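Right, one structure below, let's go through it.
No value in this document is a laboratory result; all are computed from the given coordinates. What you are looking at is a predicted structure, and each value in this text was computed from that prediction instead of being measured. Here the Cβ positions follow ideal geometry from the backbone for every residue, glycine too, while neighbour counts run over all protein chains shown.
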Amino acid sequence: MTGVKRMAEQETITSLIDQLAQFDAAIVSDCLAGNEQAMSAAIKPLVRNFKICGPALTVKCQPGDNLMLHLAVAQAKPGDVLVATTNQHYEAGYWGEILTIAAKERGISGFVIDGSVRDIEQIIDLEFPVFTHSVSIKKAEKKTVGKLQAPIIVGGVTVNPGDIILADASGVVVVPANRLKEIVRAAEEKVEFEKNVIAKLKQGQLTADLFDLRKYEIQ
């Protein structure tokens, strides 16, 4: 691939990510069949108004150790979203004020972890979007090597490097990189559909009729 072609492709991806960011995560989740790309309800934002949209840089931490998060921040590009797994170990604060400041300085868009974080007030004051399973005051070690940019499972969803993460107050959804354009177009159609439904509801129609649910009425 020539440099010009690669640049044009990257500009297209960036434009599609910007478009995806305009949608609610729930809308996008509905466009991905079967909810298989929606993370567990256990992964929540520290603050309701936090929102993330960007490509995943995946991080596999060893239990109780955040070495790989420090290395991930050093490797990340502006706009990246760090997505981390801890082998479901929650008794350590893998992320806190120091890593938040480092990430902001690198232009990282946000952080999603199936693990725990700490320094909550400082993270909120820094207005850095963090979505986490839980909170732990306990210190993490920096001794054990894990993996960067390998497929991981976070919140029950497989996340591949470069997949697009969209997260807001409703939760976290993972858009496979090779389906980005398709899902953006589907989300546009979904928004228009819901606008029409809302308009009809305001005219007095019922969801039971709009969604053809009368056939399920108990006789």
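Out of all the residues in the stretch 195-216, is one or more of a type in the set (Ser, Thr, Tyr), part of a loop (DSSP other than H, G, I, E, B), farther than 29 Å from Val47 by Cβ and over 24 Å from the mean Cα position of the chain (by Cα)? Looking for residues that are of a type in the set (Ser, Thr, Tyr), part of a loop (DSSP other than H, G, I, E, B), farther than 29 Å from Val47 by Cβ and over 24 Å from the mean Cα position of the chain (by Cα), one finds none in the stretch 195-216, hence no.
Counting residues in the stretch 10-27 that are of a type outside the set (A, V, I, L, M), touching a strand residue (DSSP E or B) at 6+ places or on another chain (Cβ under 7 Å) and in a loop (DSSP other than H, G, I, E, B) gives one or more. Evaluation of Val59 against the conditions (1) within 16 Å of Lys147 (Cβ to Cβ); (2) assigned to a helix (DSSP H, G or I) shows that the sole unmet condition is (2).
Please verify whether the stretch 39-48 includes one or more residues that are in a helix (DSSP H, G or I), surrounded by fewer than 20 Cβ atoms within 10 Å (Cβ to Cβ), touching a residue at least 60 places away in the same chain (Cβ under 8 Å) and of a type in the set (D, E, K, R). Break it down into steps so the answer makes sense when it comes.
Let us first name the residues in the stretch 39-48 that are in a helix (DSSP H, G or I), namely none.
No, the stretch 39-48 has no match at all.
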